[in-house]
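A.B. asks: Sharing a structure here in structure tokens format.
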Amino acid sequence: MVWVKKSVAMILFLGIFLMPQTVYAAEDYMDEMMQELKLDEVDDAVEENVTQLPDKYTFSDMVQSFVAEGTDGISRDNICDYVFDLFFYEIAAVKPLFIQIISMSILFAFFGKLLVTKSQYVSEMSFFVVYTGIMLLLLQSFQLISEVVESGIGKTTSFMTAFIPTYATTLLLSGNTASAGSFYGLAFGIVYVLELAMKFLFIPGVHIYVLLVLLDHLFEESKLSKFAELFESGIYLALKVGLAVVMGMGVVQSLIAPAKDRLSVSSLYQGVKAVPGVGNSFGAAGELLVGCTIMIKNSMGAAALLVLVILGLEPVLKVLCFHVMYRLASAVLQPFCDKRLAESIAGMGKGCGIYLKIMWNALLLFFLTISMIAASTGFIN
């Protein structure tokens, strides 16, 4: 009976470990892990925050495409069509407002030449009336830009709030325990600080800067330009400091946490391989499982970067269109219009430039965080 039991055990061992089923086991394991990760919350966040998303571009579909086909699984034509459609849609949306601003400025420039021959006082009063009307239009348009930027940052943080726990779980399953904890804390810290900075620093700071620019050009002599430059410099300094701090923390964590994970995983592998008879087989199976998990982790990171690009496109393109239109209107009006009108419109363009910098830095913070943690944990012992 003893030799029968040994024979059955040997047959089972050969059937489990020697049959060529490695590829199918990996695929089955990745499919099972994709189901266990429960990406529904991330899919809901993408669907809620991304408008006019190309077909078949849910987050889970993008992850599966990256896992199965790599970068070839993403249709570049659909993304390019989405970008072009969005760009021309934003241009068509902002065009009527700027036609109205240019028309009012040209009419004032024409009638102002007639009024100045009659009375300097009448001409100045006419300028104040027209400037007040144009200033209201500019403030109305800039309030729209502020809402676009605030909404864009809110959508980005909403997606990251749903993505961070899922990605940290994937890091944990791939054996990167310390990296998962550091990523979780750093990413949620960025979300929290960014929301506070947008509410109490960036949005109010840009509003004050724009108001100072408009009030400064109400007078013939510059009286508030240095104060406006102070706010502009302060906002840019805050952006640079925030980016430097996040990059520094990310680099330090990417150097220390993966090393700790590699040491612990290596110790575990050596302990498993030391088991007589089946140690090497168990070690090979463990490497296969960890490799599949790392593949899913990197695919999730790539999909998250793509979603961040799509999330940032709409507000960035809209603010960029306003920025270009402001600069274009200022250039068109400068030759024959009062220089204060042209300079005030150019100042609004600078305000849009500050918003572009804020949006770019916000996206860059999450880009760097995801990229560094994905690159530093993409190893198999």
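A.B. asks: With each pseudo-label sitting 7 Å past Cα toward Cβ, what's the LYS260-ILE106 distance in nm, one decimal?
C.D. replies: The two pseudo-label positions are separated by 6.6 nm.
A.B. asks: Once you put a point 7 Å from the Cα of PHE227 and another 7 Å from the Cα of LYS199, both along the Cβ direction, what distance in nm separates them?
C.D. replies: The modelled label-to-label distance comes out at 2.8 nm.
A.B. asks: Say the cut-off is 29 Å between C-alpha atoms; which of LYS240/LYS318; LYS155/LYS339; LYS199/LYS297; LYS155/LYS350 go over it? Please report the intermediate quantities before stating the final value.
C.D. replies: Working: LYS240/LYS318 24 Å; LYS155/LYS339 39 Å; LYS199/LYS297 33 Å; LYS155/LYS350 24 Å.
Checking Cα-Cα distances, LYS155/LYS339; LYS199/LYS297 exceed 29 Å.
A.B. asks: Still on this structure, I have one more. Quick one: net charge around SER225, please, counting Lys, Arg +1 and Asp, Glu -1 for every other residue with C-beta under 14 Å from its C-beta. The partial results should precede the final answer.
C.D. replies: Values: positive: LYS223, LYS226, LYS339, ARG340, LYS350; negative: ASP216, GLU220, GLU221, GLU229, GLU232, GLU343.
Taking every other residue near SER225 into account, the sum is -1.
A.B. asks: Highest mean first, how do 168-176, 219-227 rank when packing is the count of other Cβ atoms within 10 Å averaged over residues?
C.D. replies: Values: 168-176: 22.9, 219-227: 11.9.
Result, highest mean first: 168-176, 219-227.
A.B. asks: What is the fewest-to-most order of ILE358, ILE106 by other Cβ atoms lying within 10 Å of their Cβ? Walk me through the numbers before you get to the answer.
C.D. replies: Working: ILE358 26, ILE106 14.
The fewest-first ordering by Cβ neighbours comes to ILE106, ILE358.
A.B. asks: For the peptides 327-340, 145-158, what is the packing order when you average, over each peptide's residues, the other Cβ atoms within 10 Å and list the highest mean first?
C.D. replies: Details: 327-340: 16.4, 145-158: 19.1.
Going from most to least packed, we get 145-158, 327-340.
A.B. asks: Right, next: Quote the convex hull volume per residue of the stretch 131-275, based on C-alpha atoms, as a whole number of Å³. Walk me through the numbers on the way to the answer.
C.D. replies: Details: hull volume 12.7 nm³, N = 145.
Dividing the Cα hull volume of the stretch 131-275 by its residues yields 88 Å³.
A.B. asks: Multiply the residue separation of PHE128 and LYS240 by 0.36 nm, subtract the distance between their alpha-carbon atoms, and state the gained length in nm to one decimal.
C.D. replies: Details: separation 112, 0.36 × 112 = 40.32 nm, distance 3.84 nm.
Extra length available between PHE128 and LYS240 comes to 36.5 nm.
Quick note: the coordinates plus some simple rules give every number you see, no bench work behind them. Keep in mind the model is a prediction, meaning the values are calculated, not measured. Positions of Cβ are backbone-derived with ideal geometry, glycine not excepted, and every protein chain shown enters the neighbour counts.
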